[in-house]
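What follows is a single structure, written as structure tokens, with notes after it.
The values are calculated or read from the model by the stated rules, or taken from the named source; none is laboratory data. Just so it is clear, the structure is predicted and the values come from calculations on it, not from any experiment. Every residue, glycine as well, gets a Cβ built from its backbone with ideal geometry; the counts of neighbours run over all protein chains shown. With ligands, DNA and RNA removed, areas are computed over all heavy atoms of the protein, side chains included. Shrake-Rupley method; radii C 1.70, N 1.55, O 1.52, S 1.80 Å.
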Amino acid sequence: MRYSPQLDGIRAVAATLVLFGHMGVPGFSGGFLGVDVFFVLSGYLITQILVDEHAGSGRIAYRDFVVRRFYRLYPALLGLVGVYLLIAPVVFARWDMVKHLQDAALALVYMTDYAKPMGAPMAVLNQTWSLGVEEKFYLLWPLALPLILKLPRATAIKLLACAFVLATEWRAVAMMFVDNHWSIYNRFDTHCTGLILGSLMGLAQPRLPAYVGHIGVAGLAGCVYLSTWRDPSVILLGFTAAELFSAMVICAPPAVLGKGILPWLGKMSYGFYLWHYLIFRAAGENGIEFWPRFGLVAFGGLACAALSYYTIEAPLRAKNRSRHAMQKALPGA
């Protein structure tokens, strides 16, 4: 699929929402909805990539897809966890090393989305829950999509629309079985709706006028402003509204999102998401005041993300692309 700088701009906006939400910036109490923007965008892009592959070769190379995802995501996570284990005994000393090792293991096997339901809530690496949600999607969706693509296009679209509705309803039902509504926030089964909606958009490829994207931006801004962590109705309504508005922005992205520094910031967004939270927690442990803390988290997170991207992620991804190209060029490949 063709590169779209606007979509990287959406990543930059989503990462900014998460940052402002964590930092408690006024007007961004619902900044945690930035994760839902990421989910919709991930479902949209991955589905387009897989559909294009299936259209070109008649199949989806599951192993190749998983390896590409590994090279794209795992090195940065491994770097983060390594640094965390080095600094944890000093910076996060109120938890013992056994807990740090347990959390690191859960993060590295993408199971932190179920850490809280398993009775082992994360001490510091809480942000890795979303990686667990996405990784399960990456493992399951390439297996299910070829079966869906055998259906007539209209039927496939209706099937995914029904899946989105049912998954949303399941989240509402799951709330009835827990005392703390936010205990279901992290789980793949209750928070995969954005990925499903993004996949639906990636398959349907609706042609929407530009003003739809602007409505989506305004609607998403309203969701972020009105939502608060203390309000459990956000689970029922806020997530769904944010997902729908995100889909509008993604399918009709405003041109301004592809200009200036936004696309570059979007490329750094994954690393920033990982690193800014570790710095945020470390700064909190040391009682740093708001503005110095904000600068440290924002610029320190971006610096770590850029360092990770240019020294680890990009070189390894380039090496993997070169290896894959060589394999395809071999006779009989």
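General observations
- With θ taken as phi - 60° and the Karplus curve 6.51 cos²θ - 1.76 cosθ + 1.60 applied, the whole-hertz 3J(HN,Hα) list for the range 258-263 is x, 10, x, 7, 4, x Hz, x standing for glycine and proline.
- The charge dipole of the chain, taken about the Cα centre with unit charges on the Cβ atoms of Lys, Arg (+1) and Asp, Glu (-1), comes to about 1020 debye, rounded to the nearest 20.
- When a 1.4 Å probe is rolled over the protein heavy atoms, the share of accessible surface on the chain that falls to carbon and sulfur comes to 69 percent.
- Backbone HN-Hα couplings from phi across the range 272-282 [Karplus 6.51/-1.76/1.60, Hz, Gly and Pro as x]: 4, 4, 5, 7, 4, 6, 4, 5, 4, 5, 5
- Computed lengthening from Val83 to Val66, 0.36 nm per intervening residue step minus Cα-Cα distance: 3.6 nm
- Note on Phe188: accessible area is roughly 40 Å² with a 1.4 Å probe, heavy atoms of protein only.
- Placing a pseudo-label 7 Å from each Cα along the Cα-to-Cβ vector at Arg2 and Leu307 gives an inter-label distance of 3.9 nm.
- If you wrap the Cα atoms of the chain in a convex hull and average its projected area over all directions, you get 17.7 nm².
- Only DSSP H runs of four or more residues enter the estimate; each adds -39500 (n - 2.57), and after division by the residues of the chain the mean residue ellipticity at 222 nm equals -23500 deg cm²/dmol.
- For Lys158, the lysines whose Cα comes closer than 21 Å to its Cα, not counting residues fewer than 8 places off in the same chain, are Lys150.
- Alpha carbon centroid spacing (whole Å) that separates the range 32-106 from the range 253-318: 16 Å
- Cα-Cα over 27 Å, subset of Lys99/Lys136; Lys116/Lys267; Lys99/Lys319; Lys116/Lys136: Lys116/Lys267; Lys99/Lys319
- Hz values of 3J(HN,Hα) by residue in the range 65-79 - Karplus curve (6.51, -1.76, 1.60), Gly and Pro given as x: 5, 4, 5, 4, 5, 4, 5, 6, 10, 6, x, 5, 5, 4, x
- Positive-end extreme of charge dipole, the chain - chosen from Val37, Ile288, Gly202 (charges on Cβ): Gly202
- Average accessible surface for the chain: 47 Å² per residue, computed with a 1.4 Å probe over protein heavy atoms with every protein chain in place.
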